[in-house]
Amino acid sequence: MLIKRPPTIPAAAITPPAVYARRREFLRTAALAGLGAGLAGALLRPGTAAARTARTPDPERVIAGIIPSAYSTDEAWTSFEDITKYNNFYEFGTEKFNPWRNAGALRTRPWTVVVDGACARPGEIGIEDILRDFTQEERVYRLRCVEAWSMVVPWVGFPLGDLLRRFEPSANAKYVAFETLYDPKQMPGQRRPVLQWPYREGLRMDEAMHPLTILATGLYGEILPNQNGAPLRLVVPWKYGFKSIKSIVRISFSEQQPPTAWNQMQPDEYGFYANVNPHVDHPRWSQKSHRIIGEGLFSPKQPTLLFNGYADEVAPLYAGMNLRRFY
Ligand SMILES: Nc1nc2c(c(=O)[nH]1)N[C@H]1C(S)=C(S)[C@@H](COP(=O)(O)O)O[C@H]1N2
Ligand SMILES: [Mo]
């Protein structure tokens, strides 16, 4: 798909004052948190600054008190336009532009997430409590889709493990299962059996507790647009996009590996682990390289890195595992 884009506008010409103010606030918070100049410097790389200035923040949607995360990459951010108009969210249609067109009417307030299964304190938590109780961080992560494109997204979110611990998972909880809202009235895609609804995903417990795994509540400093999985979605930066389940209403601890929407549909195409891995091809295409959305159809392909470049952090999770078998 060819994406048309306006010519690049010099950052300084269009940077709204609010963005400068927010950037200064990041630096102050970073200094207070003792994160040091390296991180503050990374946030100010020219590419990063240019990408973020393409967006005038919507004051109604800004999330207060966001702190920068030490886990961020310093790559240039994909534009807000590309992040919000090129999505997979089959509940709103199977074309990349469908979620942007169709997800607007989804009601994301009030919103409750049930947490149950193998844990000592099953219960539920509302989205407002989630935003209040868990420190919201800005985490710039790559998101890599199995179809050979990637984005660099300034997510807002917090470690999934922080939320899971509150419900006291049992020692025999080996997996965590996630479920999207099922509501065909609001999600027209669910009126057709494109996937087995509701959309489901799962992680092994150690993957879920890894500090790189986050629940995202926003992007570009604002609450999540519906098409990106509002009000709460998973982001696992070393795995393929489909693991990043959107609009989550249930999280369940389990002793058994849970079924996932893509496994149920096409077991040999979409494995449970779905680690970004250039050495294991998808049955229908190579996974050795990909394009960065926003750099154009004719931009050079990037070599895909093992675990999407996060190997130093996550390779130990898979020590001794045959990743060809568990793909
Ligand atoms: N509920 C739900 N979650 C979903 C999907 C979906 O169709 N439904 N698509 C997945 C796929 S295939 C990808 S690539 C990512 C895309 O996330 P993005 O729209 O934020 O880029 O969402 C994932 N999460
Ligand atoms: Mo995907």
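The values are calculated or read from the model by the stated rules, or taken from the named source; none is laboratory data. Model, not experiment: these values are computed from the prediction. Virtual Cβ from ideal backbone geometry, glycine too; neighbours counted across all protein chains shown.
Worth a mention:
- Selection status of ASN88, in contact with a Lys or Arg (Cβ under 8 Å, 6 or more places away or on another chain), modelled with pLDDT of 95 or more, surrounded by fewer than 20 Cβ atoms within 10 Å (Cβ to Cβ) and over 24 Å from SER254 (Cα atoms): yes
- Test: residue in the range 233-243 that is near ligand 1 (Cβ under 10 Å from one of its atoms), assigned to a loop (DSSP other than H, G, I, E, B), buried (at least 23 other Cβ atoms within 10 Å of the Cβ) and not hydroxyl-bearing (Ser, Thr, Tyr): no
- Search result, residues across the range 184-221 that are touching a strand residue (DSSP E or B) at 6+ places or on another chain (Cβ under 9 Å), part of a loop (DSSP other than H, G, I, E, B) and on the phi < 0 side of the Ramachandran plot: MET187, TRP197, PRO198, TYR199, HIS210, PRO211, LEU212, THR213
- For the range 237-290, the candidate set comprises residues that are within 13 Å of ligand 2 (Cβ to nearest atom) and touching a Gly at 6+ places or on another chain (Cβ under 6 Å); within that set, the residue that is nearest to LEU143 (Cα to Cα) is LYS246.
- The condition of being in contact (Cβ under 8 Å) with a residue 24 or more places away in the chain, among the β-branched types (Val, Ile, Thr) and under 15 Å from ALA208 (Cα atoms) holds for only one of VAL153, VAL113, VAL176, VAL146, that being VAL176.
- From VAL176, VAL153, residue being within 16 Å of ligand 2 (Cβ to nearest atom), in contact with a helix residue (DSSP H, G or I) (Cβ under 6 Å, 6 or more places away or on another chain) and either more than 20 Å from ILE66 (Cα to Cα) or modelled with pLDDT of 95 or more (or both): VAL153
- Of all residue pairs spaced 6 or more apart or on separate chains, those with beta-carbon atoms under 7 Å, a first member in the range 257-286 that is surrounded by fewer than 19 Cβ atoms within 10 Å (Cβ to Cβ) and a second member that is part of a loop (DSSP other than H, G, I, E, B) and charged (D, E, K, R) are PRO278/LYS288; VAL280/ARG324; HIS282/GLU269; PRO283/ASP268; PRO283/GLU269.
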